[in-house]
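**Q** Got a structure here, written out as structure tokens. Questions coming.
The values are calculated or read from the model by the stated rules, or taken from the named source; none is laboratory data. Fair warning: this is a prediction, and the values are worked out from it, not measured in the lab. Positions of Cβ are backbone-derived with ideal geometry, glycine not excepted, and every protein chain shown enters the neighbour counts. The accessibility values were calculated without ligands, DNA or RNA, using every heavy atom of the protein model including side chains. Shrake-Rupley method; radii C 1.70, N 1.55, O 1.52, S 1.80 Å.
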Amino acid sequence: MRDTRESRLLLVLLIVIAFALITVDIRGGEDSPVDGARQAAATVFGPVENGVAAAVDPVGNAIGAVRDSGDRHDKIAALQKENAELKTELGSDARTNSRVRQLDAILKNANAGQYGIKGAQVIAIGAAQGFSWTITIDAGSKDGIARDMTVLNGEGLVGRVTTVGPNTATVLLANDPDFTVGTRMENTDELGFATGQGNSPLSVQFLNGKAKVAKGDRLVTFGSSKGKPFVPGVPVGEVVRVDPSGGDLTRTVYVKPYVGFTKLDIVGIVVEAPRTDPRDAVLPKKAAKPAKPKPTPTVTVTVQPNGDLVDGSGRVVGNIHQTPGATASGEAAAGATDVAALPDANTDADANANADTDAAADPDGQADDQE
């Protein structure tokens, strides 16, 4: 349609009529005069609307789905994250229990040795510090950590602090080849120096070349002046091998450390040394040795010519003719009793006694022999 004056007038007229019909319909309510026209229009145009809706609705649904897909994706992602957090929380129970046990063991050692400690967690190990055996802990100068402090855990000596930052610190482990600590042997107090050897046992040189050392002997730290770098009494390990002294002034033994250096998690830094040397109080209690079985007592008896059973003290304990299960050789059928074999003289005496008994029982036979 061309934009002319007549078309504009027609458009305005249609708009006025539409507003007039709308006004009349609203004021008329249920008895609106245009209700009949509305029903007729619905009858005519209803099928057309249904057909158009059937064709257009899938497209509209698809557009709506695309429009809502972002929200749905965010909801799914949130649910997946929540599930992952729940799984992590459930799966961390074992780790939490393990940490509780480690902390409990550290506190027991600290109480036994009267150490003032600060707990920390291992956050890096090994490669982060180069080729040396070191760990990084999440405690530093802000937590009261200083250089040359002793580090331990619930098993024993871990190492010493070498460098300190505001929030972290580096610990040189006791199995590092550059690590050396003074040691004292349990009970005998023999002194030595332990040096790390990586994955191998610690090498300990005793000052006394004739020191009596045996496999299973235990060592603790000897301690340093003012508790730095080592406090006394921290368990080091057990002797697993002893080399012959060979006349040397010192003696070398090999000690398996108590600490597993490849599985460190929670450690304690000794920030306050004990007032007195705890000696061997921090060492774990030795397992009780199993009691030796008591031997079963046995009684040896001998058989007399008359059949009496006589024990070692000369007391008659029975008679083979009255004991059920006794045999002609003189062995009583008692479970825990050993019967000694008769000597030849006893056997002959027993035979003679039997012969006399037979002769007395058969007088006719005796007369025949005399004839």
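**Q** Quick check: residue separation of GLN121 and ASN319 times 0.36 nm, minus the Cα distance between them. What number comes out in nm?
**A** 63.2 nm is the gain from fully extending GLN121 to ASN319.
**Q** When the accessible area of segment 89-212 is computed with all protein chains present and a 1.4 Å probe, what percentage of it is carbon and sulfur?
**A** Here it works out to 51 percent.
**Q** Work out from phi, with θ = phi - 60° and the Karplus expression 6.51 cos²θ - 1.76 cosθ + 1.60, the ³J(HN,Hα) of each residue of segment 11-19, listed in order in whole Hz, and give x for Gly and Pro.
**A** Once θ is set to phi - 60°, the couplings for segment 11-19 become 5, 5, 4, 5, 5, 4, 5, 4, 5 Hz.
**Q** Just to check I understand the Karplus step: with θ = phi - 60° and J = 6.51 cos²θ - 1.76 cosθ + 1.60, what whole-Hz values come out for segment 265-277, glycine and proline as x?
**A** With coefficients 6.51, -1.76 and 1.60, one gets 9, 10, 10, x, 9, 7, 8, 9, 6, x, 6, 10, 5 Hz.
**Q** Taking θ = phi - 60°, what integer Hz values does the Karplus form 6.51 cos²θ - 1.76 cosθ + 1.60 yield along segment 213-225, in sequence order, with x for Gly and Pro?
**A** Working through the residues one at a time gives 10, 10, 4, x, 5, 10, 10, 10, 5, 7, x, 10, 4 Hz.
**Q** May I pose another question? Given a Förster distance of 56 angstrom, what is the FRET efficiency for ASP138 paired with LYS294, based on the Cβ-Cβ distance and rounded to 0.05?
**A** Calculated transfer efficiency: 0.50.
**Q** Starting from the Cα gyration tensor of segment 236-279, take the square roots of the eigenvalues, sort them a ≥ b ≥ c, and report rounded, prolate or oblate (rounded when a/c is under 1.5, otherwise prolate if a/b is larger than b/c, else oblate).
**A** oblate
**Q** So who's got an amide H within less than 5 Å of the one on PHE179, skipping anything under 5 residues away but keeping other chains? H placed 1.01 Å off N, in plane.
**A** GLY196
**Q** Points 7 angstrom from Cα along the Cβ direction at LYS256 and ASN83: gap in nanometres?
**A** 4.6
**Q** At 7 Å along the Cα-to-beta-carbon direction for both ILE17 and ASP74, put a label point, then send me their distance in nm to one decimal.
**A** It works out to 5.0 nm between the two label points.
**Q** Let me ask something additional. Considering amide H positions built from the backbone, and no H for Pro or chain starts, which residues 5 or more places from ASP138, or on another chain, come under 5 Å of its amide H?
**A** Answer set, sorted by chain and number: GLN121, ILE123.
**Q** Rank GLY165, LEU207, VAL242 by how far each Cα sits towards the positive end of the charge dipole of segment 105-248 (+1 on Lys, Arg Cβ; -1 on Asp, Glu Cβ) and give me just the farthest.
**A** Checked the options; the winner is GLY165.
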